[in-house]
Amino acid sequence: MRFHATTISRVSQLKNRAPVLFQSSQLRSNHQKRCNFGIAFDIDGVILRGRVPTGGSPQALRRLYGDSGELKVPYLFLTNGGGVPETKRAKELSELLGVNILPSQVVQGHSPFRNLLKKFENELIIATGKGNPALVMSEYGFKKVLSLEEYASYFESIDPVSQYKRWTTAPVSDRKTPAVPRYDVFSERIKAAFVVSDPVDWGRDIQVLCDILRSGGLPGDANRNQPPLYFAADDLEYQAAFPSERLGLGAFRIALESIFNIINPKGLEYVSYGKPNPFVFKNAEAILSQLQSSSCIDHSENNGVSGSHPFETLYMIGDNPSVDVKGARQVFSEEKIIMQNFQQTWLLTLLRRQ
């Protein structure tokens with residue numbers, strides 16, 4: 001049977017967009033059985049607005065657990081956001097939403113960077129973005145990682161307008177003198193640059209990244225081959241606490257690429273992860289299967305023996321068709337897209353349909 005995409009409402013014209021539900025196959029009458037479907041939730045604009053839960057999302061999520069706190073339905077959070085380790089994000093979400101969320105249930109834009117550990121584990125790399133990007137990479141196992149902020153602090157005048165930035169205009173007596181570099185940054189080349197989350201200081205980061213990428217990993221050196229550059233996501237805008245959408249990591253990538261391509265003979269080379277990259281959705285399906293096997297027990301099949309079995313339906317619930325739906329479409333050959341205004345009870349409505 002062939003399934004098709006159905007648009008019930010023109011989401012792109014809505015100021016406050018309703019969540020988008022992606023399902024990989026048609027609903028079936030036997031969904032009363034436990035663990036035959038899994039759910040991937042976007043966070044910003046769906047579960048949270050800033051740090052405030054949307055509508056009845058905490059109550060809705062509790063319906064995914066049994067009376068004793070066991071997980072009845074395998075689900076995870078699939079977000080392009082990040083900047084903190086998955087362990088910390090899981091703890092924050094647990095506190096905000098009132099349910100026990102495991103680190104394995106949090107898949108952030110930079111989570112796929114783990115797969116690059118074998119290549120760069122012992123190489124000098126830099127990481128930039130809000131939060132604590134260097135800590136994120138260190139927890140993934142990278143041995144020699146510096147934040148771009150720390151790295152730039154060792155090069156005098158690399159950011160020519162730093163003295164005019166309010167957060168750096170403290171009295172000279174109060175300014176911190178850069179510590180002795182942990183690595184030989186003046187002779188050892190940066191082997192890769194990672195944009196882990198939305199950068200805070202675009203001007204400095206674009207300048208320093210251009211220096212690193214044009215020089216082959218050593219600012220001030222002659223033009224050389226560009227080191228690898230990785231972005232955790234590439235979404236142009238996202239929904240945060242402000243009423244209208246905010247510029248995302250994709251906007252920073254466009255700014256960097258536009259400038260780099262003007263000042264450098266060869267165009268910028270990079271790899272972007274995050275939704276809608278098909279890899280992200282395939283990875284999410286694999287993680288949901290692991291959660292199904294380890295946390296959900298279906299005594300109606302497998303002769304009462306716990307274990308995973310193929311999902312009949314996978315749901316991607318998000319608020320951005322060009323990110324949340326586009327990637328799922330590229331992965332699953334049979335799909336049906338439903339856009340409905342669940343408002344504050346969107347998940348409760350979804351669960352009652354099973």
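For the range 49-78, the set of residues classified as under 20 Å from the mean Cα position of the chain (by Cα), under 18 Å from Ile287 (Cβ atoms) and in a loop (DSSP other than H, G, I, E, B) consists of Pro74 only.
The one condition from (1) surrounded by 21 or more Cβ atoms within 10 Å (Cβ to Cβ); (2) outside the structural domain of Glu312 (by TED's automatic domain parsing); (3) under 26 Å from Ser293 (Cβ atoms) that Phe77 does not meet is (2).
Against the numbered list (1) surrounded by 21 or more Cβ atoms within 10 Å (Cβ to Cβ); (2) more than 13 Å from the chain's Cα centre (by Cα), Leu96 comes up short only at (1).
Are any residues in the range 127-164 among the charged types (D, E, K, R) and under 12 Å from His110 (Cβ atoms), and if so, which ones? Show your work before the answer.
Taking the range 127-164 as the starting set, the residues that turn out to be among the charged types (D, E, K, R) are 130, 139, 143-144, 149-150, 156, 159.
Residues satisfying the conditions are Lys130, Glu139.
The residues on offer are Val84, Val99, Val46, and the sole one that is of a type outside the set (Gly, Ala, Ser), under 17 Å from Leu291 (Cα atoms) and part of a loop (DSSP other than H, G, I, E, B) is Val99. Mind checking which residues of the range 145-160 are among the small types (Gly, Ala, Ser) and either buried (at least 24 other Cβ atoms within 10 Å of the Cβ) or part of a helix (DSSP H, G or I) (or both)? If the condition is that a residue be among the small types (Gly, Ala, Ser) and either buried (at least 24 other Cβ atoms within 10 Å of the Cβ) or part of a helix (DSSP H, G or I) (or both), then Ala152, Ser153 are the ones that fit. For the residues Ala127, Ala134, Ala152, Ala90, the requirement of being in the same structural domain as Val196 (by TED's automatic domain parsing), over 22 Å from Val271 (Cβ atoms) and of a type in the set (A, V, I, L, M, F, W, C) singles out Ala152. Phe252 satisfies every condition listed in (1) closer than 25 Å to Phe120 by Cβ; (2) of a type in the set (A, V, I, L, M, F, W, C); (3) more than 25 Å from the chain's Cα centre (by Cα) except (3).
When you look at Ile254, is it among the β-branched types (Val, Ile, Thr), at pLDDT 95 or above and surrounded by 15 or more Cβ atoms within 10 Å (Cβ to Cβ), yes or no? When the stated conditions are applied, Ile254 does not pass them.
Determine which member of the set Val106, Val52, Val99 is β-branched (Val, Ile, Thr) and under 27 Å from Tyr230 (Cα atoms). Before the answer, list the steps.
Values: Val52 fails: under 27 Å from Tyr230 (Cα atoms); Val99 fails: under 27 Å from Tyr230 (Cα atoms).
Going through Val106, Val52, Val99 in turn, just one is β-branched (Val, Ile, Thr) and under 27 Å from Tyr230 (Cα atoms): Val106.
With respect to the conditions (1) among the aliphatic types (A, V, I, L, M); (2) touching a helix residue (DSSP H, G or I) at 6+ places or on another chain (Cβ under 7 Å); (3) in the same structural domain as Ile39 (by TED's automatic domain parsing), Leu288 lacks only one, and its number is (2). Among residues of the range 266-290 that are farther than 15 Å from Gly318 by Cβ, those with a Cβ under 7 angstrom from a residue that is at pLDDT below 90 and not hydrophobic (A, V, I, L, M, F, W, C), sequence gap 6+ or separate chain, pair up as Pro278/Gly327; Pro278/Gln330; Leu288/Gly38; Ser289/Ser308. Listed by first and then second residue, the pairs with beta-carbon distance under 6 Å, at least 6 apart or on different chains, first residue in the range 129-155 and under 14 Å from Ser197 (Cβ atoms), second surrounded by fewer than 23 Cβ atoms within 10 Å (Cβ to Cβ) and polar (S, T, N, Q), are Pro133/Ser147; Ala134/Ser147.
What number of residues within the range 179-204 satisfy the criterion of being in a loop (DSSP other than H, G, I, E, B) and closer than 15 Å to Leu256 by Cβ?
First, pick out the residues of the range 179-204 that are in a loop (DSSP other than H, G, I, E, B): 179-191, 196-201.
Next, from what is left, pick out any that are closer than 15 Å to Leu256 by Cβ: 196-201.
Looking only at that region, the number is 6.
The residue of the range 103-128 that is nearest to Phe281 (Cα to Cα), among those that are among the hydrophobic types (A, V, I, L, M, F, W, C) and without any contact (Cβ under 8 Å) to a residue 60 or more places away in the chain, is Val106. Within the range 121-144, being surrounded by fewer than 23 Cβ atoms within 10 Å (Cβ to Cβ) and outside any loop (DSSP other than H, G, I, E, B) holds for Leu124, Leu135, Ser138, Glu139, Lys144.
The values are calculated or read from the model by the stated rules, or taken from the named source; none is laboratory data. This structure is a prediction, so every number in the text was calculated from the model and none was measured. When we count neighbours, we look across all protein chains shown, and the Cβ atoms used for this are built from the backbone with ideal geometry, even at glycine.
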